[in-house]
Amino acid sequence: MTDFREFELSRRVQQAIDDMGFEEPSPIQAACIPAVLRGVDVIGQAQTGTGKTAAFGIPIVEAATPDMTVQALVITPTRELAIQVAGEFRKIGKYKRVRTLPIYGGQSIVHQIRGLQQGVQVVIGTPGRIMDHLRRGTLKLHNLKTIVLDEADEMLDMGFIEDIEAILKETPSDRQTLLFSATFTSDIKRLALRYMKSPEHLTVNRGEVTVPLTDQVYYKVLERTKLESLCRIIDSEEISLGIIFCRTKRGVDELAEALISRGYLVDALHGDLSQAQRDRVMKRFRTNDIELLIATDVAARGIDVENVTHVINYDIPQDPESYVHRIGRTGRAGKRGLAITLVTPREFKLLKQIERETHAKMDGRDVPSLEDVAERQAEIWRSRIVDAIQEGGLGQYRAMLGDVIDEHDPIDVACAALKLASANDTQAFEQADYDFGDTGATPGMVRFFVNIGRSARLSPSDLVRVIAEEAGVPGQTIGKIDIFDRFTFIEVEKESAPFVYEALRQSRINGSRVNLEPAKPRTRSR
Ligand code: ADP
Ligand code: MG
């Protein structure tokens, strides 16, 4: 197990990492950071969601000098990723005051030119816009030390190879070249052979992992409504003692605060607490004072509690080992526990990888609807009431009621008491969606355009199978499929649409490259 401190980073960078709430490097970071710091070329290969950004971001910021010229250039496939990566750099470079600038299409180029003229050390951009600035002479790479091809497989699948090669040719030959990717395809190999100097190919090792006897399920959620989804899931489960895992210390604190304000009995455990604070939290957990403990991986490692009924991965773990570690907290002493993992569309591939490598069978569940939660809640209240009656000791409450009993129907009194007690139970929420706009679909559905059709020997059953496998979306939620010679339209239920989109927007079917995107209403077929 490594610690960020083993990298001997400068105080300002280490402090920024602490502030971000990272407790320890993820496996791909542990493998890549030392190599990148040494200055060699690196191919870092790990699934989406495993922390590749900081794997290059930390050493690049560490190596940055005060010279206000472009020292590092990160190429990302999309505008969203450019913004995201720039945000991560800003956090890492917060104290060192490393200046970063994202450049991408769709934003005023004048604004970006001004940003570049003011002097930046790290530029993050999409291939097209980087080329644009190179042509205009507004982006100068003569002083470049490091270039990063981020999400390289995605960039190649999107057809950016020529731009990437053109950009590489504009950089000094003694540069450091880093390539990060979820997969290692022959295209990437070719690129690496041509443009990298004896790169170290680092990939997170896949030790055999054994999974404890625990039922495992996953819920598909969206980032924006994750908290509400969690509440619904908690409400629909009978949890006597549960641990909720978050990726960062910060995440732990924020979730604890949110759940406490919603009336849940929770407390937080993470590496920033003193021993006395930890002991106090653990005591509350052991004595059932709280029903849910929210923790980071590191904080939970040391704890030993019996009778944990539920482990909930609020943030999906970053590798199979830590998944196994987490769910090993439940189902002890011959009792079967339940491990619940929340997965967002972008993380779905990581979930599939964990499932493959742990040989686990995880069943997908839909976030309970409001009615489901209400019914489940009602059941729980009924049994709690019966339990309370059987336990007895109600005398003091009878006294509290006073003459209310004489003046009102006892059934009304019971209902009113229950109303007050259960007031915080359910909170309505609308499952916000990826916004696909008007796709010309049947109501309740989203229509997608797929860039291959009959001429690529695509059949409806191929599509249904791939969607089931890659997006975990069952056939019955798929609607009309229209296959034409060179393209296809497919409709899927709104709730599944983000998962289908993330899984298939860049993928392969029957060996053909596939590009799936929201359809436009006017291209409607009939
Ligand atoms: P990838 O590029 O591999 O898809 P990201 O770099 O986007 O993954 O990281 C995924 C998430 O994990 C981000 O929210 C990031 O802040 C978080 N993260 C990265 N490294 C760590 C770490 N060492 N500890 C906790 N969270 C981390
Ligand atoms: Mg990434």
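Step by step: first the residues of the range 203-252, then only those that are farther than 20 Å from residue 350 by Cα and of a type in the set (Asp, Glu), then the one that is modelled with the lowest pLDDT. Which residue is that?
This residue is 228.
Would you point out the residue of the range 82-106, among those that are within 16 Å of ligand 2 (Cβ to nearest atom), among the β-branched types (Val, Ile, Thr) and at pLDDT 95 or above, that is surrounded by the fewest Cβ atoms within 10 Å (Cβ to Cβ)? Give the steps one after another, and end with the answer.
Taking the range 82-106 as the starting set, the residues that turn out to be within 16 Å of ligand 2 (Cβ to nearest atom) are 82-92, 100, 102, 104.
Checking which are among the β-branched types (Val, Ile, Thr) leaves us with 83, 85, 92, 100.
Retained after the next criterion (residues that are at pLDDT 95 or above): 85, 92, 100.
Working: 85: 26, 92: 28, 100: 24.
Among residues in the range 82-106 that are within 16 Å of ligand 2 (Cβ to nearest atom), among the β-branched types (Val, Ile, Thr) and at pLDDT 95 or above, the one surrounded by the fewest Cβ atoms within 10 Å (Cβ to Cβ) is 100.
Starting from the range 70-81, keep only residues that are in the same structural domain as residue 163 (by TED's automatic domain parsing), then list their pairs with residues that are assigned to a loop (DSSP other than H, G, I, E, B) and within 12 Å of ligand 1 (Cβ to nearest atom) whose Cβ atoms are within a distance under 6 Å, requiring at least 6 positions of separation or different chains.
74/150; 76/150; 77/151
Report those helices (runs of 4 or more DSSP H) wholly inside the range 1-72 carrying at least 2 residues which are of a type in the set (S, T, N, Q) and modelled with pLDDT of 95 or more.
11-20
Condition first: within 19 Å of the chain's Cα centre (by Cα) and without any contact (Cβ under 8 Å) to a residue 40 or more places away in the chain. Now tell me which residues in the range 471-495 satisfy that.
Residue satisfying the conditions is 473 alone.
Please work out which one of (1) without any contact (Cβ under 8 Å) to a residue 24 or more places away in the chain; (2) within 27 Å of residue 354 (Cβ to Cβ); (3) more than 15 Å from ligand 2 (Cβ to nearest atom) is the condition residue 20 fails and give its number.
(1)
Could you look through the range 60-69, keep only residues that are among the aliphatic types (A, V, I, L, M) and crowded, with 21+ Cβ neighbours inside 10 Å, and pick out the one that is farthest from residue 96 (Cα to Cα)? Give the steps one after another, and end with the answer.
First, the residues of the range 60-69 that are among the aliphatic types (A, V, I, L, M): 60-61, 63-64, 68.
Within this subset, residues satisfying the condition of being crowded, with 21+ Cβ neighbours inside 10 Å are 60-61, 64.
Details: 60: 12, 61: 8, 64: 9 Å.
Looking at the filtered set, the residue picked out is 60.
What pairs come out if I take residues in the range 214-234 that are touching a residue at least 12 places away in the same chain (Cβ under 8 Å) and pair them with residues that are aromatic (Phe, Trp, Tyr) and surrounded by fewer than 19 Cβ atoms within 10 Å (Cβ to Cβ) whose C-beta lies under 6 Å away, six or more apart or interchain?
228/429
Say whether the condition of being within 16 Å of ligand 2 (Cβ to nearest atom), under 28 Å from residue 47 (Cα atoms) and modelled with pLDDT under 95 is met by at least one residue in the range 131-148.
No, the range 131-148 has no match at all.
Within the range 25-52, restricting attention to residues that are within 12 Å of ligand 1 (Cβ to nearest atom) and in contact with a Gly (Cβ under 9 Å, 6 or more places away or on another chain), which residue is nearest to residue 87 (Cα to Cα)?
Taking the candidates together, the pick is 52.
Examine the range 239-261 for a residue that is among the charged types (D, E, K, R) and farther than 29 Å from residue 3 by Cα, and state whether such a residue exists.
no
Might you check whether a residue that is within 16 Å of ligand 1 (Cβ to nearest atom), under 22 Å from the mean Cα position of the chain (by Cα) and farther than 30 Å from residue 494 by Cα occurs anywhere in the range 211-227? Write out each step before concluding.
Initial filter on the range 211-227 (within 16 Å of ligand 1 (Cβ to nearest atom)): 221-224, 226-227.
Narrowing further to those that are under 22 Å from the mean Cα position of the chain (by Cα): 221-224, 226-227.
Narrowing the set further to residues that are farther than 30 Å from residue 494 by Cα leaves none.
No - not one qualifying residue is present in the range 211-227.
Out of everything in the range 53-108 that is closer than 21 Å to residue 17 by Cα and among the aromatic types (Phe, Trp, Tyr), what residue ends up being nearest to ligand 1 (Cβ to nearest atom)?
Applying the filter and picking the extreme gives 56.
Let me spell it out: the conditions are (1) buried (at least 20 other Cβ atoms within 10 Å of the Cβ); (2) closer than 27 Å to residue 17 by Cα; (3) not charged (D, E, K, R), and residue 276 meets all of them except one. Which number is the exception?
So the condition that residue 276 fails would be (1).
From 170, 154, 162, grab the single residue that is of a type in the set (Asp, Glu), free of Cβ contacts under 8 Å to residues at least 12 places away in the same chain and either in the same structural domain as residue 41 (by TED's automatic domain parsing) or within 16 Å of ligand 2 (Cβ to nearest atom) (or both).
After applying the criteria, what remains is 162.
Hey, any hits in the range 128-141 for a residue that's buried (at least 21 other Cβ atoms within 10 Å of the Cβ) and either within 16 Å of ligand 1 (Cβ to nearest atom) or under 30 Å from residue 507 (Cα atoms) (or both)?
Checking the range 128-141: at least one residue is buried (at least 21 other Cβ atoms within 10 Å of the Cβ) and either within 16 Å of ligand 1 (Cβ to nearest atom) or under 30 Å from residue 507 (Cα atoms) (or both).
Select from the range 46-81 the residues that are more than 21 Å from residue 167 (Cα to Cα) and within 11 Å of ligand 2 (Cβ to nearest atom) and list them in ascending order.
If the condition is that a residue be more than 21 Å from residue 167 (Cα to Cα) and within 11 Å of ligand 2 (Cβ to nearest atom), then 46, 47, 48, 49, 50, 51, 52, 54, 55 are the ones that fit.
Can you name every residue in the range 165-181 that is more than 16 Å from ligand 1 (Cβ to nearest atom) and either in a strand (DSSP E or B) or in contact with a Lys or Arg (Cβ under 7 Å, 6 or more places away or on another chain) (or both)?
Listed by number, the residues that qualify are 175, 176, 177.
Going by the structure shown, is residue 479 more than 17 Å from residue 345 (Cα to Cα) and surrounded by fewer than 22 Cβ atoms within 10 Å (Cβ to Cβ)?
So residue 479 fits the description; yes.
Where residues in the range 182-195 are under 28 Å from residue 349 (Cα atoms) and more than 16 Å from ligand 1 (Cβ to nearest atom), which of them is nearest to the chain's Cα centre (by Cα)?
My answer is 185.
Could you tell me which residue of the range 150-187 is farthest from residue 123 (Cα to Cα), considering only residues that are in contact with a strand residue (DSSP E or B) (Cβ under 6 Å, 6 or more places away or on another chain) and among the hydrophobic types (A, V, I, L, M, F, W, C)? Before you say what the answer is, go through the steps one by one.
Pass one, the range 150-187, residues in contact with a strand residue (DSSP E or B) (Cβ under 6 Å, 6 or more places away or on another chain): 150, 152-154, 157, 171, 175-181, 184.
Now narrow it down to the ones that are among the hydrophobic types (A, V, I, L, M, F, W, C): 152, 178-180, 184.
Values: 152: 17, 178: 15, 179: 16, 180: 17, 184: 25 Å.
Checked the range 150-187; the qualifying residue farthest from residue 123 (Cα to Cα) is 184.
The values are calculated or read from the model by the stated rules, or taken from the named source; none is laboratory data. Everything numeric here is computed off the predicted structure, so don't read it as measured data. Cβ sites come from the backbone with ideal geometry, for glycine too, and all protein chains shown count toward neighbours.
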